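Trainee: Take this structure, written in structure tokens, and hold onto it; I'll ask about it next.
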Amino acid sequence: MTLTMTPEELAARKRRNVWIALGLVAFMVLVFATTLLRMQRNLHAQQAIDAAAAQTSSLGPQAPAGQVIVPSRSAPVMPQP
């Protein structure tokens, strides 16, 4: 048993498929643009951190670019009541 579709049904299916494809492409563009913007923002933030570290290099030990030196504690700090 073969199901045959009318020309109107075929045209409706084609329109529906085109809109689904356009929606998928729009979603992919949105994800791509969001990723690029976040990467760019992180790059600028890292450059600002590196610039600040270069200005304060005379204050203490030097950490590699992008890393922060955290001072260690010799004894645990107890909260006060």
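The values are calculated or read from the model by the stated rules, or taken from the named source; none is laboratory data. Since the model is a prediction, treat every value here as computed from it, not as a measurement. When the accessible area is computed, the model is the full protein with side chains, heavy atoms only, and any ligands, DNA or RNA have been set aside. Shrake-Rupley method; radii C 1.70, N 1.55, O 1.52, S 1.80 Å.
Trainee: Of (1) open to solvent by 90 Å² or more (accessible area, probe 1.4 Å); (2) at pLDDT 75 or above, Val68 satisfies all except one. Which?
Mentor: (2)
Trainee: Could you please let me know if Ala48 is modelled with pLDDT under 90, part of a helix (DSSP H, G or I), open to solvent by less than 70 Å² (accessible area, probe 1.4 Å) and not hydroxyl-bearing (Ser, Thr, Tyr)? If you could, list the steps in order and put the result at the bottom.
Mentor: On the way: modelled with pLDDT under 90: yes; part of a helix (DSSP H, G or I): yes; open to solvent by less than 70 Å² (accessible area, probe 1.4 Å): yes; not hydroxyl-bearing (Ser, Thr, Tyr): yes.
Criteria met by Ala48.
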